[in-house]
């Protein structure tokens, strides 16, 4: 049995990692970008004499330890552990997080610990920890904590500087060997509690993988569990390093070989512990549950959840436990819940910020916006969020203007957008593949996907395109253009276009009117077949959207096997939504039957449909009337005069000539002269353009809240909002002014979890 150990603070030296940085140039660059300084220069040259300062020491050791492990360790060990900071490298090696995540954690940890001051530490040598404790009581050194149990005869203490100075004087008089340490704060003591609490909150913004190799915790001296990472890492800052018991625990597990990475400090300690201490023998109790419970629960609940918690009804069973752990980890969120990118900024910058801060994924609604508008909103969002608060951008297929797609993607990449919501795609385009593949890299033999795509689909044939590898034709095209590297082209064979497929059933706006209970299982079977053929390293996740407006609907989705859920309609009737108050007043009154299908203005000629609100407005009836007229007549001049007058009076509120003149001006401003020429030659094209003006007009009227045009409001929404309105009727959430998008998401997830908990308890009983 073998254990690999990573040293912590105190093992740093100028010149460390000198031969490793050239072996890992990409990782070195990534580390420097995250830290904001040249990590290689710091470690090798230390030009500003900063390597000994905690905020620099900890990231430097983490990076060098990681490189040394990747370079030297060929065989998987049986156990991993690290001394204080070194524990982060142990967790990295166990794949609890990736290199970048670990560095972000260490960077924050170093900053918090460096900010602490007014204390000191000292090493006590030659007496046991028990003898030391007695001496502390005798000398009334009640402000001193034990920080490190390093070996049977070496213990480190911490406390206020005055208390440490007094202890040193006392022990010198008693001829007890004590060595003051050159530190600025009392690390691993109760005096670090504020830093520990702040770090705990910081850690909650991250999600961790299942630990692949057992890791021993400094805090407990025993194995980490998958659900104890935050508790142990935060507690470690203010808790003692139980190194002696950690080694004794491994001795009890028959570990005979201890290999240290990059130092010999820990090896010397281990040799002393092995010589003077007995192993700790402990029976590890395994949780035994019935196969029935496993099948009923573990497919729905976070695998980190202990099933005994269900039986006990503990409060920890909340909305964060639902859905895919990998989804939450990959997108750095707390909940397997996201809000879709409703067009024209209905999914507003304020909505995105609120969701991100609450640990949920949200997409800004870029549809109908130009690049400048998208960029302005993007910069606003970025300026109001921290690095660990993740968000995405909606990315709509542009069938007629592929350059607009590419320009938009380049804007996203320039701003380091890590995830996009691909919507309305019927085929895989060059811009999609450029975004996806240009974000691929290999770090320490592990594939890293920096650009993720969540594909919203409602048709299996489209879903299949996203579930397969990027098309070779587009890969070759991008490679020939020099837009991706040969390595990225090769790595693209290991991934699907999208790891997340959001199945969109009957929703607001553009919809194929799919039935969730029919569409979702079909997509899951398609996914299973493709994964069996291609054997991707990661499971393709399947989420569900459309019709989700209550906890019951959310729970149904998770019970069917959804890895995540997406809401839309319910979010536009919130304070943060980017539509008018007049529209929100109307939306809060609808019921499940108050929506209808109408022609889609952007695909009017094709007869595509959108789902819109019908209660209190005339838009659905009028839009359908226009489409019927379009099918019946070949030009505006063929339409009977009586109908034209009706259109001008009730629909357009201006003459058809004025409508056409405005339409022409718009076409010219867009530079679409071919379309203008076509309309002059073909009366049917001109007719469609005039009718399409109404759809833009009805949308603008709703966004601006023009009460005089309320009858013509075009409001995209689905029946999920009607269900939500019924759910909150008679509560504080009935008025939309009390509805906040983040609070709604958390409430739905938590109540769905409670419902599931009750069902599982009944099974157990």
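Taken together, the values in this text are just the output of simple stated rules run on the coordinates, not laboratory data. The shown structure was predicted, so the numbers you read here are calculated from the model rather than taken from an experiment. Quick reminder, even Gly has a Cβ in these numbers, built from the backbone with ideal geometry, and neighbours come from all protein chains shown.
Quick notes on this one:
- Fewest neighbouring Cβ atoms within 10 Å first, the residues 170, 500 line up as 170, 500.
- q = 0.20 Å⁻¹: log10 I(q)/I(0) that the Debye formula gives for region 462-525, counting C-alpha atoms only: -0.80
- Calculated P(r) of region 18-137 - Cα pairs past 20 Å, %: 51 percent
- Take the Kirkwood radius over Cα pairs of region 614-714, plug it into Stokes-Einstein at 25 °C and 0.890 mPa s, and you get 174 µm²/s for translational diffusion.
- As a ratio to 2.2 N^0.38 Å, the alpha-carbon radius of gyration computed for region 404-493 takes the value 1.05.
- In nm, spacing of pseudo-spin labels at residue 472 and residue 533 (7 Å Cα→C-beta vector): 1.5 nm
- The relative contact order of the chain, computed from alpha carbon pairs under 8 Å that lie at least 6 residues apart in sequence, is 10 percent.
- Additional length obtainable on full extension of the chain from residue 700 to residue 204, 0.36 nm per residue less Cα span: 174.5 nm
- Distance-filtered residues of region 599-631 - backbone nitrogen under 12 Å, label point 7 angstrom along residue 684 Cα→Cβ: 605-606, 630-631
- Cα-projected label distance for residue 45 with residue 277, points at 7 Å along beta-carbon direction, nm: 4.2 nm
- The eigenvalues of the Cα gyration tensor, multiplied by 5 and square-rooted, give region 489-594 an equivalent ellipsoid with semi-axes of 33, 16, 11 Å from largest to smallest.
- For region 369-524, the alpha-carbon coordinates run over 42, 36, 34 Å along the three principal axes, in decreasing order.
- Over region 338-458, relative contact order from alpha-carbon pairs under 8 Å, at least 6 apart, %: 21 percent
- Distance histogram in 5 Å bins (all Cα pairs of region 119-186, percent per bin): 4, 19, 35, 29, 12, 1
- Descending by average beta-carbon neighbour count within 10 Å, the peptides 378-391, 62-75, 348-361 line up as 348-361, 62-75, 378-391, the highest first.
- At full extension, residue 95 and residue 382 could sit 100.4 nm farther apart than now, given 0.36 nm per residue minus the alpha carbon distance.
- Folded to 0 to 90 degrees: helix 683-704 orientation relative to the chain principal axis, Cα: 50 degrees
- The long axis of helix 161-173 is offset from the longest Cα principal axis of the chain by roughly 20 degrees.
- The chain: angle of helix 371-383 to the longest principal axis, Cα-based, in degrees nearest 10: 30 degrees
- Helical runs assigned H by DSSP (4 residues or longer) give the chain a calculated mean residue ellipticity at 222 nm of -13500 deg cm²/dmol, each run adding -39500 (n - 2.57) before division by the residue total.
- Difference of contour (0.36 nm per residue) and Cα-Cα distance, residue 407 to residue 632: 77.1 nm
- Relative contact order for region 483-593: 24 percent, from Cα pairs under 8 Å spaced at least 6 residues apart, divided by residue count.
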